[in-house]
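Beneath this line is the structure, given in structure tokens, with notes to follow.
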Amino acid sequence: MRTAIYPGTFDPVTNGHLDILVRGKELFDGVTIAIAADSKKAPLFTLGERMELLLEATKDMPNVNVRVFEGLTVEFARKCGAVAILRGLRALSDFEYEFQLALMNKKIAPDIETVFLMTQSKYSFISSSAIKWASSLHAGVTEFVTPNVEKALMSKFSNLRSEVRDEDS
């Protein structure tokens with residue numbers, strides 16, 4: 001089986017992520033979604049919550065599994081027996097960063113390819129950061145995330161608002 005890993009923080013998973021995943025599944029026999037545990041980002045959702053959200057979002061996708069990893073992406077790809085790293089590109093600004101990562105990964109692991117998929121234009125402006133920001137301001141994000149993710153965002157921000165109110169009292 002020719003498999004790929006699809007790494008990221010997925011905080012939270014968006015319809016743009018899922019679009020890249022579905023299209024990537026057409027290119028490989030299997031895809032492992034690799035949730036990065038040691039990101040420089042400060043995630044809103046815990047690793048367990050992100051795992052749960054992704055498992056729910058992919059429950060009807062055969063040959064897709066979800067795992068958490070630490071360390072180098074290429075080392076995790078090797079552990080999974082993957083031949084490629086799947087990455088999505090939204091804009092030219094994504095390309096520069098992703099190109100640098102791909103070159104570094106190729107230097108470390110010449111046997112593992114990086115495959116870039118351009119996002120569909122309807123998802124080109126979607127980012128996890130923008131979705132979190134919009135959700136924090138009570139904006140609806142129904143068209144950008146799955147129902148379980150929207151529910152989790154509403155719950156998370158409702159709890160955070162409660163904590164702030166309690167601290168202010």
### Query
Top mean-square fluctuation among LEU44, LEU21, LEU53, Gaussian network model of the chain, C-alpha springs under 10 Å?
LEU44
### Task
Starting from 0 in steps of 5 Å, tell me what percent of the Cα-Cα pairs of the chain lands in each bin.
1, 8, 17, 20, 21, 15, 8, 5, 3, 1, 0, 0
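Carbon-plus-sulfur fraction of the accessible area of the chain, 1.4 Å probe, in percent? List each step's numbers first, then the result.
Working: 5320 of 9660 Å².
Summing carbon and sulfur atoms, their accessible area is 55 percent of the total for the chain.
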### Calculated FRET efficiency for the pair GLU113/THR46, C-beta based, R₀ 41 Å, to 0.05
0.85
### Query
So what's the net charge close to THR46: Lys and Arg +1, Asp and Glu -1, counting the other residues with Cβ under 12 Å from its Cβ?
-1
### FRET efficiency estimate (nearest 0.05) - Cβ-Cβ, ASN65 to GLU96, R0 25 angstrom
0.25
### Message
Using the Kirkwood radius over C-alpha pairs as Rh, can you work out the diffusion coefficient of the range 74-157 via Stokes-Einstein at 20 °C, viscosity 1.002 mPa s, in µm² per second?
### Response
143 µm²/s
### Query
Can you list the aspartates and glutamates whose alpha carbon is less than 19 Å from that of LYS156, not counting same-chain residues fewer than 8 positions off?
ASP11, GLU49, GLU52, GLU56, GLU143, ASP166, GLU167, ASP168
### Summary
Looks like the range 1-88, by Cα gyration tensor root eigenvalues a ≥ b ≥ c and the a/c under 1.5 rounded cutoff (else prolate when a/b is bigger than b/c, oblate otherwise), is oblate
### Query
Net charge near SER121, counting Lys/Arg +1 and Asp/Glu -1 over other residues with Cβ under 13 Å of its Cβ?
+1
### Task
Please report how far the C-alpha centroid of the range 17-40 lies from that of the range 59-133, rounded to the nearest whole angstrom.
7 Å
### Task
Can you spot the lysines whose alpha carbon is less than 24 Å from LYS25's alpha carbon? Ignore those fewer than 8 places along the same chain.
LYS59, LYS79, LYS106, LYS122
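Could you give the accessible area per residue of the chain, probe 1.4 Å, as a whole number in Å²? The partial results should precede the final answer.
Values: 9660 Å² over 169 residues.
Accessible area per residue: 57 Å².
Taking the Cβ of GLN100 as the center, what net charge do the other residues with Cβ under 15 Å away carry, scoring Lys and Arg +1 and Asp and Glu -1?
On the way: positive: LYS40, ARG87, LYS106, LYS107; negative: ASP94, GLU96, GLU98.
Here the count lands on +1.
The values are calculated or read from the model by the stated rules, or taken from the named source; none is laboratory data. Computed from a predicted model, the values in this text were never measured in an experiment. Cβ: placed from backbone, ideal geometry, glycine included. Neighbour counts: every protein chain shown. Surface areas here come from the heavy atoms of the whole protein model, side chains and all, with no ligands, DNA or RNA. Shrake-Rupley method; radii C 1.70, N 1.55, O 1.52, S 1.80 Å.
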